[in-house]
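Only one structure is covered here, and it is reproduced in the block below.
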Amino acid sequence: MSSKHKRLVVAGGGAAGFFCAVNAARMNPDLEVWLLEKTGKLLSKVKVSGGGRCNVTHNAPDITYMSKRYPRGGNFVKKAFGHFFVPDTISWYGDRGVQLKAEADGRMFPVTDDSQTIIDCLLREADKCLVNIKTNTEVLSLDRQPDGRWKLLLNQGNPIVADYVCIAAGGYAQAGKFHWLETTGHSIVPPAPSLFTFNMPGNPITALMGVASEASVKIAGTKLQQQGPLLITHWGMSGPAILRLSAWGARELQAMQYTFTAVVNWLPSYNENSLREDWQSLRQELGKQKIHTRNPFQLPQRLWQFLLQQAGIGEDLRWADVAAKDQNRLMKLLVSMEFPVKGKTTFKEEFVTCGGIQLSEIDPNTMESRLAPGLFFAGEVMDVDGITGGFNFQHAWTSGFIAAKTIAGKG
C-alpha cells in the first residue's frame, strides 16, 4: 500500500458489505478496498431471497411509509433514507443494466426474476472497481492503533491495518458472537430471531398444508396483530401475516419462549357481532343449499370444509338446518379460531435477527461510529430490522451507500 493511498476494509460479503465496498471504490479510485467474507459464499442471502428471485427493495410511496415497516430502527432509517432511498436503488441498478419491477404487494424484483442477476451485477462492479475480495477470511479482533488506524487480526494470514473499517457482518443469533465488536466500546442489544413461522405440532390444521387465505392474526394476551395472506404448512403457519407478526413480536414472543396462542380471524372484514348480523340473511338466502358446498365467504374450499368439520356440521346439512349451537361454534371458528403455538421455524434461509449495535452509537447520516472515528457499520449488524417485503435489503443498500460515500469523501 503506497503511503498516499488509504485502505478501507469491509467485513462481510453480503448485500450491505458489497454495496459499501463497490461504491467506496467507485467514488474514490485512490482508496484501496478490501472485502472480507468469513464463509466460502458471497451474497448468500441475496441468492435465496424471494424464493431465488431476490426481493431487492419495496415500492414505497415515501420515506415515512417505508420507515414504519421497521419494528426496530424506524427513526434511524428515516434519517438514513434521506440520503439514499428506493428511487436511488432503482437508478443504481438501472444504470448497470438491471431493471427492477414492482409487484402488486409492493415487492420489487429484477425483471429476470433471478437473484443471480443482482449477484452478477455486484460482482462485475467489484471487479471493475478493483475491490480485493477474500473469502474464508474472518475478522477475529479489531484494535485501535496509536495513529488512529485499525489493526485487524484475521483467522488466516498476517494482521492487516486499515484507515477505515466498515462492519457489515450481518446479524448474530447469539450475543456472545458480538464480543469482538464490544471490545471497540460499543453496546450490543441482545439478538432475537425476527422472521420466523409458527409451529403447531399435531394440530389438525396442518392437514391443509399448501392452503393460503387472507386472515387477521393476533397473539392472545398481547396487542400484537397483523393482517395479510396466511399460508398453512405441514408444521403450522407461515405467510406474510405470520412473518410480520413474528417481526413485530420478536422480543415478546422470545420472552414467551415461543409458547403462546395465535387467534386467527379467517374473515378479517368481520368480527363476531357483524358476522352474527349478516348470518340470518345468509341462512334465508342459502337455506336450501348444502352448507358444505355453498361457501359465501370466498374461503378456500378445503379450509371451509375443515371449519365445518371442526364445528361438527355434517356434510349433508343445508344452511337452514344447522342447529343454533353448531352455527355459533362455526361463527366463533370463523372469526376467532385459537391455535396453540409451540416453537418456531426459520423462514427458509432468510434468517433475520433483531438486536446488534446500539443505534444511539451510530450517526445515521454517515454510518460512522459516534464512539470510534474511522469505524462504520452497514446492514443487519445494527439494531435495525424490517418486516418481510424488501425492507431489510433497502436498509442494506442505504447504509452501505452512506458509509461508502462518507469514507470516499474522507479520502
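The values are calculated or read from the model by the stated rules, or taken from the named source; none is laboratory data. Owing to the predicted nature of the structure, the values given are computational and were not obtained by experimental measurement. Here the Cβ is made from the backbone with ideal geometry for all residues, glycine too, and neighbour counts use every protein chain on show. For the accessible areas, the whole protein counts, side chains as well, though only heavy atoms, and no ligand, DNA or RNA atoms are used. Shrake-Rupley method; radii C 1.70, N 1.55, O 1.52, S 1.80 Å.
Averaging the Cα positions of each part gives two centres, and for region 51-89 and region 247-293 these lie 32 Å apart.
With the charge dipole of the chain set up from +1 on Lys and Arg Cβ and -1 on Asp and Glu Cβ about the Cα centre, the Cα lying farthest toward the positive end among the listed residues F391, P296, C121 is that of P296. Assuming charge only on the beta carbon of Lys and Arg (+1) and of Asp and Glu (-1), the dipole of the chain about its Cα centre is about 200 debye to the nearest 20. Of [x] 1.16; [y] 1.05; [z] 0.99, which one was derived for Cα Rg over 2.2 N^0.38 Å from the structure shown? Of the listed options [x] 1.16; [y] 1.05; [z] 0.99, [x] comes from this structure. Straightening the chain between R149 and E252 buys 33.0 nm, computed as 0.36 nm per residue apart minus the Cα-Cα spacing.
How big is the dipole moment of region 103-154 about its Cα centre under a simple scheme where the beta carbon of each Lys and Arg is +1, that of each Asp and Glu is -1, and everything else is neutral? Debye, nearest 20, please. Can you show the working numbers first?
Working: 7 positive and 10 negative charges, 93 e Å.
Using Cβ point charges on Lys, Arg, Asp and Glu, region 103-154 gives about 440 debye.
If you take every residue apart from G97 with its C-beta less than 12 Å away from the C-beta of G97, what net charge results, scoring Lys and Arg +1 and Asp and Glu -1? In short, -1.
Using R0 = 41 Å, the C-beta based FRET efficiency linking K177 and E272 works out to 0.30. Dipole size of region 157-269 about its Cα centre, with +1 on Lys/Arg Cβ and -1 on Asp/Glu Cβ: approximately 240 debye, rounded to the nearest 20. In this calculation the C-beta distance from N365 to A220 is compared with R0 = 56 Å, giving a FRET efficiency of 0.85.
Where both residues lie in region 33-144, what percent of DSSP beta bridges are antiparallel, nearest 5? Provide the component values of the computation, followed by the final result.
On the way: 5 of 8 bridges.
The answer is about 60 percent antiparallel.
Legend: calculated FRET efficiency, D114 to K342, from the Cβ-Cβ distance at R0 = 51 Å, rounded to 0.05, equals 0.85.
Estimated from helical segments only, the mean residue ellipticity of the chain at 222 nm is -9500 deg cm²/dmol, where each DSSP H run of four or more residues counts as -39500 (n - 2.57).
Provide the percentage of antiparallel DSSP beta bridges, counting only those with both residues in the chain; round to the nearest 5.
Numbers: 45 of 61 bridges.
Bridges in the chain are about 75 percent antiparallel.
Legend: distances between Cα atoms for K47/K223; K68/K325; K6/K38; K47/K405; pairs beyond 32 Å are K47/K223; K68/K325. Computed on the chain, with alpha-carbon pairs under 8 angstrom and 6+ residues apart, the relative contact order is 25 percent.
On a per residue basis, the chain carries 43 Å² of accessible surface, using protein heavy atoms and a 1.4 Å probe.
Could you tell me whether region 101-197 comes out rounded, prolate or oblate from its Cα gyration tensor? Rule is a ≥ b ≥ c as square roots of the eigenvalues, rounded for a/c under 1.5, then prolate if a/b exceeds b/c, otherwise oblate.
Numbers: a/c = 2.66, a/b = 1.43, b/c = 1.86.
Judged from the Cα gyration tensor, region 101-197 comes out oblate (a/c at least 1.5, b/c at or above a/b).
With each label modelled as a point 7 angstrom along the Cα→C-beta vector, the A104-K325 pair spans 4.2 nm.
Cross-link partners among aspartates and glutamates for K288, C-alpha distance below 13 Å, same-chain residues fewer than 8 apart left out? By straight Cα distance, K288 reaches D316, D321. The residue among Q309, S269, L282 whose Cα reaches farthest toward the positive pole of the charge dipole of the chain, with charges on the beta-carbon of Lys, Arg, Asp and Glu, is Q309.
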